[in-house]
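Structure first, then comments.
Read-outs throughout are calculated quantities, based only on the coordinates presented, and are distinct from any laboratory measurement. What you see is a predicted model, and the numbers here were worked out from it, not measured in a lab. With ideal geometry, Cβ positions are generated from the backbone for all residues, glycine too; neighbour counts draw on all protein chains shown.
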Amino acid sequence: MPNEPVISLENVSFAYRGVPVVENASFAVHEHETACMVGPNGGGKTTLIKLILGLLQPDRGRLRIFGLPPERARLRIGYMPQHIQCDFQFPVTVMDIVLMGRLGGGGLAGLFGWHGRNDRRAALEALGDVGMDSFVKRPFRALSGGQRQRVLIARALCSQPDLLVLDEPTANVDTLLEAKLLDILHELNRRMTILLVSHDLGFVSGLVRKVICVNRRVIMHPTGQLTGDAIREIYGADMQMVHHHRQREEPTRD
């Protein structure tokens, strides 16, 4: 349908063993928007991500991705989790990691990982998007934390998604790489919708226009309305926002 939201939640609720985690959540994210979830640990952000990915089913309410139930829209979603569990001594290359993003698709490559020329082309394009295409043969264990983050984003991009979901993409990233990541996401937003989770409110303010505030209940704010009172209501305490200025100020003349 025209103007169908990419992500649509209507009065969605979910509880773990009777304990409410998400209550009556309603919001929409439209095509080529970048939205960010913020909120305290345990507030329900990860649960919302799992609901959007179709890994959990809501107890009540309606949730649609591209107008479909999440499990039917998975092949259009690229996902980077907050944490990875792997043996860093296992001898896999950057290309091996990124090609994992092709699993789950059609054909033998999607079922068994028998990757062909098109799969490798998609992996190289994804690595190019994050500035890591010169690291194709590098062992994954030899990378820095920030480089691993970019490779994991490339893995999500390798599926050529229409919706990119990133959980804490600035973890293990220094200020310089954070600015580069901001540029990368701005460019990707021209091609796809982006939903990210972040505790870095300064990073959020430089990238997104919609902030989804999650603390069991969900409230959506335009970035400009993310005031001190709103932040205090989300986290239950005062927080400072650090602005990441990337343009050098011109010296003043007397």
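What pairs from Lys180/Lys210; Lys45/Lys137; Lys50/Lys180 go past 25 Å between their alpha carbons? Mind showing how you got there, number by number?
Values: Lys180/Lys210 21 Å; Lys45/Lys137 35 Å; Lys50/Lys180 28 Å.
With Cα atoms farther than 25 Å apart: Lys45/Lys137; Lys50/Lys180.
Quick one: length gained pulling Arg117 to Asp183 fully straight, 0.36 nm per residue minus the C-alpha distance?
On the way: separation 66, 0.36 × 66 = 23.76 nm, distance 2.89 nm.
Contour length minus Cα-Cα distance gives 20.9 nm.
Binning at 10 angstrom from zero up to the longest distance, how are the C-alpha pair distances of segment 7-235 distributed in percent?
That works out to 8, 32, 36, 20, 5, 0, in percent per bin.
So what's the net charge close to Phe88: Lys and Arg +1, Asp and Glu -1, counting the other residues with Cβ under 10 Å from its Cβ? All intermediate terms of the calculation are to be shown ahead of the outcome.
Numbers: positive: Arg141, Arg148; negative: Asp87.
Local charge sum for Phe88: +1.
Using a simple spin-label model with points 7 Å from Cα along the Cα→Cβ vector, what separation in nm is obtained for Tyr16 and Glu71?
2.2
How far apart, in nm, are the 7 Å Cα→Cβ label points at Asp87 and Ile219?
4.9
Give, as a single signed number, the net charge of other residues whose beta carbon lies under 12 Å from the beta carbon of Val151, with Lys and Arg counted +1 and Asp and Glu -1.
Neighbour charge sum, excluding Val151 itself: +2.
Per residue of segment 37-47, what does 6.51 cos²θ - 1.76 cosθ + 1.60 with θ = phi - 60° give for ³J(HN,Hα)? Whole Hz please, x for Gly and Pro, Karplus curve as stated.
For segment 37-47, the Karplus curve yields 8, 10, x, x, 4, x, x, x, 5, 5, 4 Hz.
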